[in-house]
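Before any comments, here is the structure.
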2 protein chains.
Amino acid sequence: MSAMRIPLAVVLFSLITAAARAEDGYELWLRYHQVSDPALLAHYRTTLPAILVEGESPTLTAAKKELITGLRGLLGQETPLVREAKLDDLLLAGTPKASKLIASLDIAQELKTAGEEGFVIRSARIAGKRRTVIAANSDVGVLHGGFRLLQLLQTHQRIDNLSITAAPRIKHRILNHWDNLDGTVERGYAGFSIWDWHKLPDYLPPRYTDYARANASIGINGTVLTNVNANAISLTPEYLKKAAALAGALRPYGIRVYLTARFSAPIEIGGLKTADPLDPAVVSWWKAKADEIYRYIPDFGGFLVKANSEGQPGPQQYKRTHADGANVLADAVAPHGGIVMWRAFVYDDKVPDDRTKQAYNEFKPLDGSFRPNVLVQVKNGPIDFQPREPFHPLFGAMPGTPLMMEFQITQEYLGLATNLVYLAPLFKETLDSDTFAKGTGSQVTRVIDGTLENHSLTAMAGVANIGSDRNWCGSVFAQSNWFAFGRLAWDHTLSAEAIADEWIRMTFSNDQGLVAGVSSMMMASREAAVDYMTPLGLHHIMAEGHHYGPGPWVSGGPRPDWTSVYYHRADATGLGFDRTATGSNATGQYFPPVAREFEDPGRCPEKYLLWFHHVGWDRRMQSGQTLWDELCRRYQRGVDAVRRMDATWESVRDRIDPERYEQARVFLRIQEAEARWWRDACVLYFQTFSKKPIPAGVEPPAESLDYHRSIVKRYVPGTARPIR
Amino acid sequence: MSAMRIPLAVVLFSLITAAARAEDGYELWLRYHQVSDPALLAHYRTTLPAILVEGESPTLTAAKKELITGLRGLLGQETPLVREAKLDDLLLAGTPKASKLIASLDIAQELKTAGEEGFVIRSARIAGKRRTVIAANSDVGVLHGGFRLLQLLQTHQRIDNLSITAAPRIKHRILNHWDNLDGTVERGYAGFSIWDWHKLPDYLPPRYTDYARANASIGINGTVLTNVNANAISLTPEYLKKAAALAGALRPYGIRVYLTARFSAPIEIGGLKTADPLDPAVVSWWKAKADEIYRYIPDFGGFLVKANSEGQPGPQQYKRTHADGANVLADAVAPHGGIVMWRAFVYDDKVPDDRTKQAYNEFKPLDGSFRPNVLVQVKNGPIDFQPREPFHPLFGAMPGTPLMMEFQITQEYLGLATNLVYLAPLFKETLDSDTFAKGTGSQVTRVIDGTLENHSLTAMAGVANIGSDRNWCGSVFAQSNWFAFGRLAWDHTLSAEAIADEWIRMTFSNDQGLVAGVSSMMMASREAAVDYMTPLGLHHIMAEGHHYGPGPWVSGGPRPDWTSVYYHRADATGLGFDRTATGSNATGQYFPPVAREFEDPGRCPEKYLLWFHHVGWDRRMQSGQTLWDELCRRYQRGVDAVRRMDATWESVRDRIDPERYEQARVFLRIQEAEARWWRDACVLYFQTFSKKPIPAGVEPPAESLDYHRSIVKRYVPGTARPIR
């Protein structure tokens, strides 16, 4: 009796798992699974039967590998590398310098537009034959173009009439890793650091290359390896060797490494008695240190510095300015082409002024006094990566200084990795804000891409959400924020929807129902988080230390500006921080058209209302409801939105592999519970001031305020040491 | 022109990576790749065309899944589950209780031998048809038998005449995770903890199931989730819920969870003023806590306790004995069937006696005073997991108390994960040592398997080397130590060679050349490590704190027993710790036949010589060389052995996938450099006492002693906080 004769009816298929390969999220958006549409597949196979790349370099090798691997997966067949252009159809890639075929094309103008890192993709005829051309001025441009071509296939676009010219709008597109040398990651929610310092410089696991690939695919060209709360040890030879090994792994992908510089390093590892930036010994020390670093890493990017902030050392300890501090480092790296990114994130509880005003107060007077290779790195808003903040008033206020953007990709204040919060809408909200620095049309984008003040040194940084978790970011959806940051740093004109669409198709599939459903979840998610955490302009009311969960009652402790009551100012009369002229006058830091809008409670967008105004509980909102009722209903709205996300996810279940489906499903349940936790804790707490009933339509809290206040979260990830 | 006509000569295959799936080590030894031998493949396909498992339970579901997955891979075809025994050939699995077919077999005696967790595998005829039978008394026995059958295929054994009866020789086979709630792992070198406490109890990633599979496959049936340097928070409801979720994930695989109990928990989380084990409130608290734990985890295994050791709290703070402490916990878990594992690893620098003697001094007098559900957990040697130690004198010295073995799988003192040190020879050396407690034939195995004193409560623990690294253990070869521990805990009669042979075939392939080569590397590796670290009975001469690298010069500091000079006692006359009757008389703790052997420098095995004797530099060794020359040559021999391992690895390159090959290759280079580091540092240091030249054949050190003393290793993995 042969196996063929087994009655099918008795075969229990239920136990047979279909997937040969677990979908664990490691592939990110670089999934090269076979194109499911037969017509498109035939089209791609016909158009791209082989690859011709003229020229040799580690970067071109990386590009070839990616194209071969990508096309192998997407087309389900080998796409060979050829040396001669004999075939009727061919993928042709290279630079005019190394490739005569590329040089023969009439694309000089396009190549000029493409610049150093961009590319041209063209459907062309050369000597009568059909060529899909990836042309660039540099090998890394070819690599970027290769990724873009693969993306076209991943997103099911036809490739027979291509005419794409792409160039980054911002020069330095940089991840900031808040990674410590002991492997922990400050505000990291995806395991621990991906840098295995102990095994460096000897062992370079394949993951470093996959990290580089992922970044290059979205145009990121720099990475700061170490935490802004810096450790001088990272500048010792032992660790420079390790950083150099990492730089070597990333270099073929066009990614430069940067390090954070601890301002007191001349004392801690240099043996000096001072770190005074005007002390000649200190100047010499930084110069020699930079020379040493460039011996290890010839294309070292430069330094990122957090100084005189949250306990970090800095020039002010020596009565020097931030410019004095930045310039000593800038002079040290300048001969090597390096830059210094000096953070504007400074505030001090000894300074009596409103925290939101301090960075502006500190830095605006320094405009024009920085070296040309210094960028001032400004967070998107004047506090600290809250679910929503108005744009930082420094944008537009320092015309003589290149300002760079610092976004936070890791979800420090957004429920960590288990809350689905797609951040492109947040990023775009800041980027598209008009500063009115030079009248209407002076958007933040124009400050940071240099067009407003004609700066050629431009940069955007994102605090990475990458860790040792198999899926890199702790959750599949958190991957979209890494992707979105990169895409926006490359081209800030892209819409949040368009980026979500790309990411969904590349990460899940081109199934229309899936794309529509998942896109709706993502696009709603940030507003949902604002609603269930900090609606109507509330901010900084989270639990202390680990920043996980609600803590509107947080008061006391070492610093008032680390409490919640400092920010929400709830009292019997109302809620919110008066930052108008009658209050802290933070509105006065904005250019007049913006200042007037924020100043007037009637014109101030409700999303910023409690940021700028102390508002009576009974004040009528645009909805016609009182502030109190509106506040409660926003919290409820946030919970409802998460439930809709959960329902949508369930509706696309059959279109997603079980492993990724299940993880996101569990996380959405966690998010729903946490949304209720935020809602109940905040509504109950603010009710102690409003003394008003919870309005109809808002679910009554299941637990008491005392219960919520008693919750202690220990060992929350991303905190350097256990929080009690 | 079609793609078919591309000249093959111009196709650059070099860039085409063959592997569809990266060999990242995640699969461990549970690799089910298709059997490469065509005759065997046909034999397996014929013999196992389908699977019939009668009965339903989560454990049987796990067994079915494993068999289906395993056979799918190994046979390259689906092996269906069937409900009727119609086929001529069939794999039949189950218990006599649930399966009439199994009950019909004449295997009562074999099943009695198999016991609770063992199994019988038989090639049998039932009603004239050929059946491969996996029979057991319990579902977990069926699971174990399923893994064994798959192993037979993985190791290319014929399966047409099987007659296997297997039962574990030790009841509790347990991993000890030294994992902290903040995700760090004390002495962990494979990333961070695999327990994601933050996402528990909600999210149970597939990795937990794969962890359970790996353990079940080698017979491990228990896991202590938390560090022996314990945190009382792990006993709070918040964390018990998390532990319960983990228990649920592991339960189908026959693995129970245990927790470490911090002795001061009644104070820290119970609000009591004391943790005195004789205080009625403390007794009640532990009783109530145990009842609570069992409500969360009905099959909770029990507690592991480190008390009055290295700063941990314990009963001696209240003038009570270790037995008093163990018994209060034992009484609390006894009604639920739980056990207490009380560690004998105690030593105190306030006690003037030799550290190696203190555990014996402390515990021997307590023999007979422990509750029946207490095991005393004794490390293999009297110090602390050194590359080589004589067996612990407590073995055989407490006949009235079940003693369990504690081995260390993680390589705290063995170069961390980057040194290839196969530990089965170390484990076997201890296990096979004869204590002479009841005359010759009183091996340590007979103490811990209960046969010497007729104890039915038996256990073996291994300190896990498992972490969040993709390959679980930090390196492929470190996986062999997890495997070897499990196999020996199940059956300590297995030889180190046999276990290596199984592991190599399952992990790499059955290629004879590869098996022979890799086996030779593994079997030589432990002796190599002893030679390049601590030859001739030297011990505890590593760098302080992180225990990484050599530190024979370590002295001073908070405790003499944490220095190196305490242990090696080098001086102008010679080297070694006099533990004879004229010295610390540690030899006197062994039974007379052993004591006499160790006491006599002429009879003492040279491998223990400097452990027990202070030996003159000019003393002639068995080789005819002086101690000094022999010492230097042993260090050189260790380096040479690593170089041979490296060469052997290179010789099997073509027989191994590139990814695992490359990682091990780099690690062997690291190991060779570290072997030289140990050799040079130790030879140079001891030379300052011997004042003798380095003998011929020993490579002259490349650096000075001062250089080696100046090396500072920071942020070594596995230390709870950065060193210095």
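The values are calculated or read from the model by the stated rules, or taken from the named source; none is laboratory data. Predicted model only: the values in this text are computed from it and were never measured. Here the Cβ positions follow ideal geometry from the backbone for every residue, glycine too, while neighbour counts run over all protein chains shown. With ligands, DNA and RNA removed, areas are computed over all heavy atoms of the protein, side chains included. Shrake-Rupley method; radii C 1.70, N 1.55, O 1.52, S 1.80 Å.
Find how much the distance from A:D202 to A:D706 grows on full extension, using 0.36 nm per residue of separation minus their present alpha carbon separation; answer in nm with one decimal.
Using 0.36 nm per residue and subtracting the Cα-Cα distance, I get 176.1 nm.
Accessible surface of A:E117 in the full protein assembly, 1.4 angstrom probe, to the nearest 10 Å²?
The accessible area of A:E117 comes to roughly 30 Å².
Post the alpha-carbon centroid distance, region A:561-613 to region B:508-582, in whole angstrom.
Each part's Cα centre sits 67 Å from the other's.
What does the copy distance list look like for A:A281, label position 7 Å along Cα→Cβ, in nm and ordered from shortest?
5.9
Within a Cβ distance under 13 Å of B:L143, other residues only, what is the Lys/Arg minus Asp/Glu net charge?
So the surrounding residues net to +1.
Let me know the shape class of chain B, please: from the alpha-carbon gyration tensor, a ≥ b ≥ c as square roots of the eigenvalues, rounded when a/c is under 1.5, otherwise prolate if a/b is greater than b/c, or oblate.
Oblate, because a/c is 1.5 or more while a/b does not exceed b/c.
Can you list the DSSP H helices in chain A whose Cα atoms extend at least 18 Å along the helix axis and whose mean Kyte-Doolittle hydropathy is 0.0 or higher?
Counting only whole DSSP H runs, the qualifying helices are A:58-75, A:139-154, A:237-250, A:476-490, A:512-533.
Taking the Cα centre of chain B as origin and charging only Cβ (+1 Lys, Arg; -1 Asp, Glu), how large is the dipole, in debye to the nearest 20?
840
List the distances, in nm and shortest first, from the label point of A:K241 to the matching label points in every other copy, placing each point 7 Å from Cα along the Cα-to-Cβ direction.
So the distances to the same position in the other copies read 4.9 nm.
Restricting to bridges with both residues inside the protein assembly as shown, how much of the DSSP beta-bridge set is antiparallel, in percent to the nearest 5?
Details: 34 of 114 bridges.
DSSP beta bridges in the protein assembly as shown are roughly 30 percent antiparallel.
Using a 1.4 Å probe on the protein heavy atoms only, what accessible surface does A:R637 show? Give it in Å² to the nearest 10.
100
Dividing the Cα radius of gyration by the Kirkwood radius, what Rg/Rh value follows for region A:95-244?
Details: Rg = 19.6 Å, Rh = 17.9 Å.
Rg divided by Rh gives 1.10.
At a probe radius of 1.4 Å, what is the per-residue accessible area of A:I711, in Å² to the nearest 10?
For A:I711, the solvent-accessible surface is approximately 50 Å².
When N is the residue count of region B:492-598, what does its C-alpha Rg come to as a fraction of 2.2 N^0.38 Å? Intermediate results must be reported in sequence, preceding the final value.
Numbers: Rg = 19.4 Å, N = 107, 2.2 N^0.38 = 13.0 Å.
Cα Rg divided by the expected 2.2 N^0.38 Å: 1.49.
Which value, in Å³ per residue, describes the convex hull spanned by the Cα atoms of region A:618-712?
Per residue, the Cα convex hull of region A:618-712 comes to 109 Å³.
Quick one: what do you get for region B:180-297 if you divide its Cα Rg by 2.2 N^0.38 Å? Please report the intermediate quantities before stating the final value.
Numbers: Rg = 15.2 Å, N = 118, 2.2 N^0.38 = 13.5 Å.
Here the Cα radius of gyration is 1.13 times the empirical estimate.
Using only protein heavy atoms and a 1.4 Å probe, how much accessible area in total is buried between A and B, to the nearest 100 Å²?
Numbers: alone 27470 and 27430 Å², together 49550 Å².
Heavy-atom accessible area buried at this interface is about 5300 Å².
What number comes out for the charge environment of A:L514, summing +1 per Lys or Arg and -1 per Asp or Glu over other residues with Cβ under 11 Å away?
Neighbourhood net charge equals +1.
Residue by residue, what Karplus-based ³J(HN,Hα) values in Hz, rounded to whole numbers, does region B:159-168 have, using 6.51, -1.76 and 1.60 with θ = phi - 60° and x for Gly and Pro?
10, 9, 9, 7, 7, 10, 10, 10, 8, x
Measure out, as a whole number of angstrom, how far apart the alpha-carbon centroids of region B:56-109 and region B:360-396 sit.
Centre-to-centre distance over Cα atoms comes out at 43 Å.
With a point put 7 Å past each Cα toward its Cβ, work out how far A:R130 is from B:Q625 in nm, to one decimal.
Distance between label points: 7.5 nm.
Might you report the magnitude of the Cβ-based charge dipole of the protein assembly as shown about its Cα centre, with Lys and Arg at +1 and Asp and Glu at -1, to the nearest 20 debye?
1260
Between copies, how far apart are the B:V565 label points? List them in nm, one decimal, shortest first, with each point 7 Å from Cα toward Cβ, please?
5.7
Are there any trypsin sites (Lys or Arg not before Pro) in region A:20-83 that are in a DSSP loop and have at most 12 other Cβ atoms within 10 Å? List them by number.
Answer by residue number: A:R21.
Using a 1.4 angstrom probe with every protein chain in place, what is the largest-first accessible-area order of B:D578, A:D354?
Per-residue accessible area, sorted high to low, gives B:D578, A:D354.
Near A:K319, which lysines are there with a Cα under 23 Å away, not counting those fewer than 8 places off in the same chain?
Within the straight-line limit of under 23 Å, A:K319 reaches these lysines: A:K273, A:K287, A:K306, A:K350, A:K357, A:K364.
Can you give the net charge of the other residues whose Cβ lies under 11 Å from the Cβ of A:L375, counting K and R as +1 and D and E as -1?
+2
Per DSSP H run of n ≥ 4, the term is -39500 (n - 2.57); total these for chain B, divide by its residue number, and report the mean residue ellipticity at 222 nm rounded to 500 deg cm²/dmol.
-11500 deg cm²/dmol
For the protein assembly as shown, restrict the atom set to alpha-carbon positions and state the Rg and Dmax in Å.
When restricted to the Cα atoms of the protein assembly as shown, Rg and Dmax are 33.9, 101 Å.
Taking H as built 1.01 Å from N, whose amide H comes closer than 5 Å to the amide H of B:F407, not counting residues under 5 places away?
B:A461, B:G462, B:V463
Quick check: Cα centre of region B:470-484 to Cα centre of region B:655-724, how many Å?
Centre-to-centre distance over Cα atoms comes out at 22 Å.
Quick one: order B:R526, A:R620, A:R653, B:R634 from most to least accessible surface, probe 1.4 Å.
Highest to lowest solvent-accessible surface, that is A:R620, A:R653, B:R634, B:R526.
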